[in-house]
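The block underneath contains the structure these notes are about, expressed in structure tokens.
The values are calculated or read from the model by the stated rules, or taken from the named source; none is laboratory data. These figures come from a predicted structure and were not determined experimentally. Backbone-built Cβ (ideal geometry, glycine too); neighbour counts: all protein chains shown.
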Amino acid sequence: MTRIASFATSGFDLDALHCAMLAAFSDYIVPLQPDADTFKAALSARGFDPEASFIAVDDDEVIGFWNVATRSTKRYLIGSGTRIGHRGRGLASRLGTAAISAAENVGIESFWLEVIEGNKGAERLYRKMGFDVTRKLDCYRFNHPSPDRSSCKLSDFGTVANVIQRYSSWEPTWQNATETISGSKLTSFLHEKGGAIIGAGGLVHQIAASEPSALEDLLAAAATVGSLTLVNVDSADSTLCSLLQDLGAHRFIVQSEMRLSLPNVS
């Protein structure tokens, strides 16, 4: 018999959750097979909350999961999945219902997630649960044609984060938020009209400037660390999106950010 349990009280460890994740994502739209250390680091960076997260268990095996993070009065779905052989049994719905109910019971005000465009089944499920699309998000990869940091200088994380907040017209998604990345190894570039924060592997967590030429300078500076990836750029930011496309960036994913507003029943 399949049971739904909070991960915190389930008796399972992160290694069991990792195995379930690999199995569930083996046929995913985007290849995703991290090793155990990478998986655990990603959960930790995003604020994985064992009490807010739920798993489906059958025959002493984790067969489905909703990995959830908590920050103040918000919760965020880091990732969810069901092992291939157990799909079509309503487990995703049961897991989501359990996670949402738990959030309501402790006064959480909103639940957030992202879903890849084309994953119709997942989007349909989330809409059924009451989630609505808040914005579209684009993901890009590219090798900058002319890396050059001459117009920027290295600075501390706090200074650059404040500059970006001043100039940005949109909030970063959960995994790129200042609270999420503050403890990571980062390279922070400061321009007189903006800033950029770059993580491991050339991941551009945050970038903003007061004018397009400054954005171009910042991308050139960021490219001195190697190939760049931008995950979850607000598609409404036509200036940044157009600049990336002009530089030859490949848009490899489009996502929808979705939000569920919750009543306070605590």
Q. Are any residues in region 70-84 under 21 Å from M1 (Cα atoms), touching a strand residue (DSSP E or B) at 6+ places or on another chain (Cβ under 8 Å) and of a type outside the set (K, R), and if so, which ones?
A. S80, G81, T82
Q: Please determine, by comparing only the residues of region 113-162 that are in contact with an Asp or Glu (Cβ under 7 Å, 6 or more places away or on another chain) and among the hydroxyl-bearing types (S, T, Y), which one is farthest from R75 (Cα to Cα).
A: S151
Q.
I'd like the full set of residues that are exposed (fewer than 14 other Cβ atoms within 10 Å of the Cβ) and among the hydroxyl-bearing types (S, T, Y), limited to region 29-56.
A. T38, S44
Q) Are there any pairs, at least 6 apart or on different chains, whose C-beta atoms fall under 8 Å, with the first in region 41-67 and modelled with pLDDT under 95 and the second surrounded by fewer than 21 Cβ atoms within 10 Å (Cβ to Cβ) and assigned to a loop (DSSP other than H, G, I, E, B), and if so, which? A) A42/P34; A45/G183; A45/S184
Q.
I'm told K40 meets every condition in (1) among the basic types (K, R); (2) within 18 Å of the chain's Cα centre (by Cα); (3) closer than 21 Å to S256 by Cα except one. Can you identify the failing condition by its number?
A. (3)
Q) Can A208 be described as more than 30 Å from I4 (Cα to Cα) and of a type in the set (G, A, S)? A) yes
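With respect to T173, determine if the residue is surrounded by 19 or more Cβ atoms within 10 Å (Cβ to Cβ), modelled with pLDDT under 95 and within 20 Å of the chain's Cα centre (by Cα).
Criteria not met by T173.
Listed here are the residues, each with its yes/no results for (1) among the aliphatic types (A, V, I, L, M); (2) closer than 29 Å to W112 by Cα; (3) assigned by TED's automatic domain parsing to the domain that holds P145.
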position: E171; (1), (2), (3): no, yes, yes
position: A177; (1), (2), (3): yes, yes, yes
position: L215; (1), (2), (3): yes, yes, yes
position: T224; (1), (2), (3): no, no, yes
Q. Which residue out of F48, F54 is within 22 Å of Q255 (Cα to Cα) and not small (G, A, S)?
A. F48
Q.
What's the total number of residues in region 143-169 that are surrounded by 12 or more Cβ atoms within 10 Å (Cβ to Cβ) and either at pLDDT below 95 or farther than 21 Å from S182 by Cβ (or both)?
A. 6
Q.
Among (1) among the β-branched types (V, I, T); (2) at pLDDT below 95; (3) touching a Lys or Arg at 6+ places or on another chain (Cβ under 9 Å), there is one condition T38 misses while meeting the rest; what is its number?
A. (3)
Q. Taking into account only those residues within region 208-218 that are of a type in the set (A, V, I, L, M, F, W, C) and touching a Phe, Trp or Tyr at 6+ places or on another chain (Cβ under 9 Å), which is surrounded by the fewest Cβ atoms within 10 Å (Cβ to Cβ)?
A. A214
Q. Quick one: K128 ticks every box in (1) at pLDDT 95 or above; (2) in the same structural domain as E192 (by TED's automatic domain parsing) bar one, so which box is it?
A. (2)
